[in-house]
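Structure first, then comments.
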Amino acid sequence: MEEEEEQQKHEQASACDSNGTPIHVLAVDDCFVDRKIVGKLLEKASFKVTSADSGKKALEILGFSQDKVEKSSYNDQKIDIILTDYCMPEMNGYDLLMAVKGNSNVKSIPVVIISSEYDPQRISRCLANGAEDFLRKPLQHKDLQKLRSYVKPSAPVPKTGTKRKVMLELIPESGTAETRPRIAGVAVA
Amino acid sequence: MEVGQMQRTWVEYTKSLFMEGFLDGQFTQLQLLQDESNPDFVVEVVSLFFEDSERLLNDLTRALDQQSVDFKRVDAHVHQLKGSSSSIGAQRVKNACIAFRSFCEQQNSEACLKCLQQVKQEYYLVKNKLETLIRLEQQIVAAGGSVPMEELSF
């Protein structure tokens, strides 16, 4: 029990960006129980949480507007990272990933997929299409530190001595996520 | 019953729920998430689980009662129930759902009906256990004590 509490304290201190602002997570899950648990887990670790019960709702929050007459402002809620369940009706986590990565206004927001099922093809497909990681449900404390690591800093920071450095060398000038090569099943640390 | 006795009863009862496989470590995770800012967190989550599960069990009963069973729909409901039971640590319900899904894949109506009975049985058992546990906790708190989480190392 003590070890768990220590780990929680460590994570509370770390769930902020370089400016000390809490990292803002958009947590997407159609299951009410899971939204409540993940929301609490993130809040306790000092993340800021906005929840959505569907991919469609998540896109609305991100500023995708059906009203094409009025120009919607993308990501005015300043979401730093999207954490989405895979299995959702109508629009699943993969569909949401593709929608986000297909829109130049929001494609730089990291997307992490969570699922209760281990499906290697599903995992490969998500990682190959720009997902930062694919985590198993139920989410644990150790997963939260990974979320922190996927949030991009506001100014580019050279990364040394990690797998990410190799990846960066292959990225063209524009730094678009979808051209970054992915090895299935490898989460960049 | 005095507070100390109630606390000892709570510890023994909680331990038995883990030993008998009704609950797993995920339930402990929920208990650890509860704090002064949200002292009813476990009760709230468990209540949501009860509502969600009973709705799903009704949907499953209806779906399996059809002339022509839509196994994809049945599987989708079982998948949801498996997910939420896993999230709160209701291990035996989760395991019953895993078995159920394999029969959905085989499109075996008779086996699915048996699985549904099994899932219902496990669900009502764990519901009863959790309600007892929550009542014990409320009695401890009402008597001015606190729930001795630290006694649960095993």
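In table form, for the structure just shown:
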{"quantity": "Rough spin-label spacing in nm, given labels placed 7 Å along Cα→Cβ, for residue B:61 and residue B:15", "calculated": "3.8 nm"}
{"quantity": "Max mean-square fluctuation residue, GNM over chain B, Cα-Cα springs under 10 Å, options B:22, B:49, B:41", "calculated": "B:41"}
{"quantity": "FRET efficiency, 1/(1 + (r/R0)^6) with R0 45 Å, evaluated for residue B:107 and residue B:38 via beta carbons", "calculated": "0.55"}
{"quantity": "Residues A:87, B:97, A:16, sorted so that the one with the fewest Cβ neighbours within 10 Å comes first", "calculated": "A:16, A:87, B:97"}
{"quantity": "Spin-label model distance (nm) - residue B:47 vs residue A:124, 7 Å beyond Cα toward Cβ", "calculated": "4.7 nm"}
{"quantity": "Shielding by other protein chains, A:26-39, mean Cβ within 10 Å", "calculated": "5"}
{"quantity": "Number of Lys pairs (Cα under 18 Å; 8 or more positions apart or on different chains) in chain B", "calculated": "13"}
{"quantity": "Sorted by Cβ neighbour density within 10 Å, fewest at the top, the residues A:82, B:98", "calculated": "B:98, A:82"}
{"quantity": "Cβ-based exposure ranking for A:30, B:65, in which fewest neighbours within 10 Å come first", "calculated": "B:65, A:30"}
{"quantity": "Between the range B:106-147 and the range B:23-67, the Cα center-to-center distance that results, in Å", "calculated": "9 Å"}
{"quantity": "Spin-label pair residue A:76/residue B:8, simplified geometry with 7 Å Cα→Cβ offset, distance in nm", "calculated": "6.2 nm"}
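Bear in mind that the values in this text are calculations on the coordinates, not laboratory data. It should be emphasised that the depicted structure is a prediction, and the values quoted were computed from it without experimental measurement. Here Cβ is always computed from backbone atoms with ideal geometry, including for glycine, and neighbour counts include all displayed protein chains.
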